[in-house]
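Asks: I'd like to ask you about the structure that follows.
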Amino acid sequence: MIGERHVNLAVLAGLVIVPLWALWADEIFTITLTTRAVILALAAVGLNIALGIGGMVSFGHAVFFGLGGYAMGILAFHAQSYTPLQFGPLSLAGTKSMQVIWLVAMVTSALAAWVIGLLSLRTTGVYFIMITLAFGQMFFYFAISWGSYGGEDGLSIYVRNGFPGLNTLVPIQFFWLCLVALCVALVVQWRLRTSPFGLTLNAVRQTPQRVETVGLNPRKHKLVAFVISGAITGLAGALFADLNRFVSPTMFSWQLSGELIILIIIGGVGRLMGPVIGAAIFVALEHWLGGLTDFWHIWLGVILICIVLFGRGGVIGLLTGKEGPHV
Amino acid sequence: MSDTILATRNLQKSFGALKATDNVSIDLRAGEIHAIIGPNGAGKSTLIGQISGGLKSDAGQVHLMGRDVTALATEARAKAGLGRTFQISALAMEDTVLENVLLGAIGATGGGWRFLRGVSGDRDLNARAMEALARVGLAAAKDTRCADLSHGQRRQLEVAVALTLQPKAFVMDEPMAGLGAEGSKAMTGFLDGLRSEAPILLVEHDMDAVFALADRISVLVYGRIIASGNVDEIRASAEVREAYLGESV
Ligand SMILES: Nc1ncnc2c1ncn2[C@@H]1O[C@H](COP(=O)(O)OP(=O)(O)OP(=O)(O)O)[C@@H](O)[C@H]1O
Ligand SMILES: [Mg+2]
């Protein structure tokens, strides 16, 4: 069996080698696909903090992905149409600056996660899944009916937003930017997991009554984790919108929430690189199987069932021979 | 009494029509072991839950160090100085022994809100955790995953986590259950010494241990304290013999 550290390094190496090869071979589409995988991985890193460490099976993480997307869409839309963004009595200018967009995306998602967390963390298990799903649907239908930003048709942004010192229109440059964001998020996930906060959160998942009896508040820890989780997934949403130069209500869809859960399960729940491996496999399947059949989700389902039945630790579990981070 | 550390006043808890605890008033004084005995289903764990805060009481109060803590949540009672162990181990099974005690150390130092610095590099936390493990004899098993521990080791770990809190009072729910003769003896010896640090409210079925350790014994039957006294008084009580000891001694 392979050590988890080696698996992790191999995955990171792959994320550098594949786009470099694609650049050399002039396979621009491969760079775009890899970028897509990196961004989905980033979204899933966010979810992994809530789900993998904190045990919160959020079926509504598309809310944050969509909020990040719309933060980008709305700000860039006002910038490209030279119209002010009316915010109550406040009149703000749009922007094409990625840093500003990211900040707005993360803050908005964090706030939403805080409110949703406050309301839904009173519940656990199936009820938590259902209530987060309900929030997702709320945002989805709101986006559909929000005519000023394209409603069901979504919003197109003509030119990718800018980042100082980079030409983000060049696919490989945008890719590096996304990869750095992912690496930062992975470092955050890793530090978080090994910190007192992470150890506590990890215990909350397994035995909340114990956490209480040592004088720590399980629900507050979950809430903070949920907020951090939402902010990271929100950042991914902003990048995803920039990749496609398009936002639409599908970013809020329950299917997207479900896909994020699925790719974490495929990669390995709670594992550092679980989201990355899951996203890579997901995007590869989506591309190759999706080219062969419209019903590629069926095969995704088959893989998922096999993993749940035969390899509890996901792909990382299979490779390392360890079902969980500690086994 | 001024040296009363922990006291309950008329605690009551019903599950539907069943009165699990009924007007229970007990106290725990500095330096003592106060044992609660009683048949299965008598309400002992319910009482422990009410004292530690996991179960909301229907009526009555809990006082810790003279302060009414009835309205406080479990974590606030822990911070106020209550160290509880569970009858059914409530440990993080996927984690190592050390991580389980580290959780206690984190709670004791109020440090659940440190995000970026690794636990393994924190000398203070690790020192606290290792000390507690050493005291219950689990230091060598620190890297064992909790799920791989024997039943007896889990009981020891339960106690070790409570030790990290350095509480003002211990509330222990059957720390010797399933320990076997050897383990029971070792734990009895350990608790004997522990009482000088903080008094222990001890729920226990092991009568040898109770008679060896207890300064006072209260007998709980059908949710009510039917007798309270020192070891000799409880042994001699006809009512207790009939209600409880008759079936187990
Ligand atoms: N959550 C609950 N809901 C309903 N009934 C309960 C609940 N918890 C305990 N009971 C009942 O309350 C009574 C007291 O239970 P408790 O666990 O306090 O007994 P105990 O004295 O600790 O018994 P044991 O010696 O077996 O541990 C039992 O009849 C039990 O079935
Ligand atoms: Mg009990």
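Asks: Within the stretch A:203-233, restricting attention to residues that are within 7 Å of another protein chain (Cβ to nearest Cβ) and in contact (Cβ under 8 Å) with a residue 60 or more places away in the chain, which residue is farthest from the chain's Cα centre (by Cα)?
Replies: A:GLN206
Asks: Turning to a different aspect of this structure: Could you please find all residues in the stretch A:264-278 being among the hydrophobic types (A, V, I, L, M, F, W, C) and more than 12 Å from the chain's Cα centre (by Cα)?
Replies: Our first condition is that a residue be among the hydrophobic types (A, V, I, L, M, F, W, C); within the stretch A:264-278, this holds for A:264-266, A:269, A:272-273, A:276-277.
If the condition is that a residue be among the hydrophobic types (A, V, I, L, M, F, W, C) and more than 12 Å from the chain's Cα centre (by Cα), then A:ILE265, A:ILE266, A:VAL269, A:LEU272, A:MET273, A:ILE277 are the ones that fit.
Asks: Please go through the stretch B:83-110 and give me each residue that is open to solvent by less than 10 Å² (accessible area, probe 1.4 Å), within 16 Å of ligand 1 (Cβ to nearest atom) and under 16 Å from B:ASP148 (Cα atoms), ordered by number.
Replies: Passing the criteria: only B:ALA90.
Asks: Residues that are buried (at least 20 other Cβ atoms within 10 Å of the Cβ), away from ligand 1 (no atom under 16 Å from the Cβ) and either touching a residue at least 24 places away in the same chain (Cβ under 8 Å) or not assigned by TED's automatic domain parsing to the domain that holds B:ALA129 (or both): does the stretch B:199-208 have at least one?
Replies: Yes.
Asks: Which residues, counting only those in the stretch A:54-69, are open to solvent by 10 Å² or more (accessible area, probe 1.4 Å) and assigned to a helix (DSSP H, G or I)?
Replies: Answer for the stretch A:54-69, where residues must be open to solvent by 10 Å² or more (accessible area, probe 1.4 Å) and assigned to a helix (DSSP H, G or I): just A:LEU67.
Asks: So which residues in the stretch B:27-52 are away from ligand 2 (no atom under 16 Å from the Cβ) and open to solvent by less than 20 Å² (accessible area, probe 1.4 Å), if there are any at all?
Replies: Of everything in the stretch B:27-52, those that are away from ligand 2 (no atom under 16 Å from the Cβ) and open to solvent by less than 20 Å² (accessible area, probe 1.4 Å) turn out to be B:LEU28, B:GLU32, B:ILE33, B:HIS34.
Asks: Same structure again: Are there any pairs with C-beta distances below 8 angstrom linking a residue in the stretch B:30-51 that is more than 7 Å from ligand 1 (Cβ to nearest atom) to a residue that is of a type in the set (Gly, Ala, Ser) and open to solvent by less than 10 Å² (accessible area, probe 1.4 Å), with the two at least 6 apart or on different chains, and if so which?
Replies: B:HIS34/B:SER218; B:ALA35/B:SER218; B:ILE36/B:SER218; B:ILE37/B:SER218
Asks: Right, here's the next one. Consider B:ARG145 against the criteria (1) of a type outside the set (S, T, N, Q); (2) free of Cβ contacts under 8 Å to residues at least 60 places away in the same chain; (3) more than 7 Å from chain A (Cβ to nearest Cβ); (4) under 15 Å from B:SER89 (Cβ atoms): it satisfies all of them except one. Which criterion is unmet?
Replies: In the conditions (1) of a type outside the set (S, T, N, Q); (2) free of Cβ contacts under 8 Å to residues at least 60 places away in the same chain; (3) more than 7 Å from chain A (Cβ to nearest Cβ); (4) under 15 Å from B:SER89 (Cβ atoms), B:ARG145 misses (3) alone.
Asks: Within the stretch B:84-112, track down each residue that is more than 7 Å from chain A (Cβ to nearest Cβ) and more than 23 Å from B:ARG123 (Cβ to Cβ).
Replies: Of everything in the stretch B:84-112, those that are more than 7 Å from chain A (Cβ to nearest Cβ) and more than 23 Å from B:ARG123 (Cβ to Cβ) turn out to be B:THR85, B:PHE86, B:GLN87, B:ILE88, B:SER89.
Asks: Identify all residues within the stretch B:120-138 that are open to solvent by 10 Å² or more (accessible area, probe 1.4 Å) and assigned to a helix (DSSP H, G or I); write none if there are none. Outline the logic, then answer.
Replies: Filtering the stretch B:120-138 down to residues open to solvent by 10 Å² or more (accessible area, probe 1.4 Å) leaves B:120-124, B:126-128, B:130-131, B:134-137.
Once the filter is applied, which keeps residues that are open to solvent by 10 Å² or more (accessible area, probe 1.4 Å) and assigned to a helix (DSSP H, G or I), the stretch B:120-138 yields B:SER120, B:GLY121, B:ARG123, B:ASP124, B:ASN126, B:ALA127, B:ARG128, B:MET130, B:GLU131, B:ALA134, B:ARG135, B:VAL136.
Asks: Any idea which of (1) at pLDDT 95 or above; (2) aliphatic (A, V, I, L, M); (3) exposed (fewer than 12 other Cβ atoms within 10 Å of the Cβ) is the one A:LEU103 doesn't satisfy?
Replies: Of the numbered conditions (1) at pLDDT 95 or above; (2) aliphatic (A, V, I, L, M); (3) exposed (fewer than 12 other Cβ atoms within 10 Å of the Cβ), the odd one out for A:LEU103 is (3).
The values are calculated or read from the model by the stated rules, or taken from the named source; none is laboratory data. Remember, predicted model here, so these are calculated numbers, not experimental data. Neighbour counts are summed over all protein chains in view; Cβ atoms, including those assigned to glycine, are modelled from backbone coordinates with ideal geometry. For accessibility, only protein heavy atoms count, side chains too; no ligands or nucleic acids. Shrake-Rupley method; radii C 1.70, N 1.55, O 1.52, S 1.80 Å.
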